[in-house]
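Worksheet: the structure to be examined is printed underneath.
The values are calculated or read from the model by the stated rules, or taken from the named source; none is laboratory data. Bear in mind the structure is a predicted one, so any value in this text is a computation, not a measurement. Here the Cβ positions follow ideal geometry from the backbone for every residue, glycine too, while neighbour counts run over all protein chains shown.
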Amino acid sequence: MKGVWRIVIGLIAGILVGALINALWTDQTWLRLGVTDAAAFKAGKPVPAVIGPDGAPVEPIEPTTLAHALRFAIDANWLMGQGFIRALRFLAVPIVFFSIVAGVASLGDPRKLGRLGGRAVAIYICTSLCAVTIGLIISRLVRPGKIIPEHVRANLMAEGGDQVQLLGGRTDQVKGLGRQILDMIPVNPFDALARADMLQVIVFGLALGLGLTLLPKDRQSAGQSIARGFDTLAEVMGILVRAVMFVAPLAVFCLLTPIVAEMGLGTLRALGAYCLCVIAGLITVIGAVYFPLVFTLGRTNPWRFVKEMMPANLVAFSSSSSNATLAVTMRCLIDRLGVSKRVAGFVCPLGATINMDGTAVYLGIAVAFIAQALGVDLTIGQQLTLVVTVVLASIGSPGIPGGSLVILIVLLQGVGVPAEGIALILGVDRILDMARTVVNVLGDGVTTVIVNRLEPPDSADPADSAPPAASTEARTP
Ligand code: ASP
């Protein structure tokens, strides 16, 4: 069976098993297994004594062997899922760094680099502008915030209070544009590598790669050997990504089962209109922005593009992290879509950090939804400001699960909507995060394919001359 299908089966099985647990497993089920406090038992903490009606502690019941076996299964499941994410994150920094140094050194001319970067950033900004505009138009047409019943609104606001406070405390971490630009320059490049600060790693890689191209004549052959060394290391990282992807079907299952099992289906139903708006926005971005762009400027069949990006889409969906998916995204573009290593090595990591179209759609709809639900009318001027601020904010949004929630608070404050309103959407955020991360990753792929297409063929690097793989299952699952 092909690798991608194995991951799809892992994903479907994870959703089905999670949904079954969600529907059938209750506190009563735990009680039958001798567990009086499921949360404490799962966390391995001592279960507090139950106080009886007479005020005295009730004789403690012992968890059964089956309960212990289940706890072991839950722990093993968690370990497997998190291990997979860790392995991918561990590979992301070296693969980006080695690819950028090798790629820039092979360009041989700083102007070419400026051209590549300029085109990539221009496409990133245009698609993000389209995405947030689509989000705002949909929420203006459907007005999901007006549909939500009063008692649901009150319940959600009460339930999410603690989490809102926690997020509110982190808003000072959100930087302005000037600070973001300044912070791209690493004070200590090794510290940047150690902290996995992707923009700083990109700047370090660019500087080192450029330096190699500017060596005096008598050092050039040594410089080329070093560049080839980095290229080989990037290749080694690619091999490791493929090895990690071998366990992707099981890992995807392990990641999805607990998420779906703990999902509040009631909340999902109550916020159905809002969720549908976000999903419709994401689909519109793919259909109305990505497909035409990939077809016209990227000269690639959009269906083939989505198909070849499938491993990255599936990992993005299960991990909710474009950073964790980065290594797989690059392998899909290079191995399956035949994009030049040099272009993918530069444009993809840049995109994973600054391009978040899925997040932009979501932020636009979330702000409008919360404003509508709290009875705040956003003027046209405020909505136009939102378009620009969302694009800038999505640049600073980290590619991690829930990375844009803190940004959402800042945006709400910016347009005068009470930030506590974020409590309304927290219950369904994880599932929407999975969907928007897929679009974030696809957007990086679209831009990379286009920039690659626009590069003159004479600047292709020799290592890229392999034909775009028609069927590369053996290389990337
Ligand atoms: N989880 C998203 C990503 O990694 C970011 C977000 O919108 O929260 O791309």
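Things worth noting here:
- Matching option when the condition is buried (at least 16 other Cβ atoms within 10 Å of the Cβ), at pLDDT below 85 and within 22 Å of the chain's Cα centre (by Cα), among 167, 156, 193: 167
- Only residues that are surrounded by fewer than 21 Cβ atoms within 10 Å (Cβ to Cβ) and within 11 Å of the ligand (Cβ to nearest atom) were counted in segment 387-404, giving 4.
- Some residue of segment 81-95 being among the polar types (S, T, N, Q), at pLDDT 90 or above and either surrounded by fewer than 18 Cβ atoms within 10 Å (Cβ to Cβ) or under 22 Å from the mean Cα position of the chain (by Cα) (or both): yes
- Taking segment 286-348 as the region of interest, the helices (runs of 4 or more DSSP H) fully inside it that hold 1 or more residues being within 16 Å of the ligand (Cβ to nearest atom), aromatic (Phe, Trp, Tyr) and surrounded by fewer than 24 Cβ atoms within 10 Å (Cβ to Cβ) are 310-319.
- Yes/no for residue 352 being more than 17 Å from residue 98 (Cα to Cα) and either crowded, with 24+ Cβ neighbours inside 10 Å or among the hydrophobic types (A, V, I, L, M, F, W, C) (or both): no
- Residue selected from segment 351-363 under the condition in a helix (DSSP H, G or I) and closer than 22 Å to residue 302 by Cα, by the criterion nearest to the ligand (Cβ to nearest atom): 359
- Some residue of segment 409-417 being away from the ligand (no atom under 16 Å from the Cβ), free of Cβ contacts under 8 Å to residues at least 40 places away in the same chain and not in a loop (DSSP other than H, G, I, E, B): yes
- The residue of segment 364-386 that is nearest to the ligand (Cβ to nearest atom), among those that are of a type in the set (Gly, Ala, Ser) and in contact (Cβ under 8 Å) with a residue 12 or more places away in the chain, is 366.
- Selected residue (only one of 331, 342, 299, 304 is basic (Lys, Arg), within 30 Å of residue 9 (Cα to Cα) and more than 19 Å from the chain's Cα centre (by Cα)): 304
- Taken over segment 1-19, the criterion of being touching a residue at least 24 places away in the same chain (Cβ under 8 Å) and outside any helix (DSSP H, G or I) is satisfied by 2 alone.
- Only one entry in 270, 280, 324, 288 is in contact (Cβ under 8 Å) with a residue 24 or more places away in the chain and closer than 26 Å to residue 253 by Cβ, namely 324.
- Any pair with Cβ under 7 angstrom, 6 or more apart, that starts in segment 20-40 at a residue that is of a type in the set (Asp, Glu) and ends at one that is in a helix (DSSP H, G or I): 27/38
- Total residues in segment 122-153, condition surrounded by 18 or more Cβ atoms within 10 Å (Cβ to Cβ), in a helix (DSSP H, G or I) and not polar (S, T, N, Q): 12
- Given (1) aliphatic (A, V, I, L, M); (2) touching a Lys or Arg at 6+ places or on another chain (Cβ under 8 Å); (3) more than 24 Å from residue 363 (Cα to Cα), index of the condition residue 240 fails: (2)
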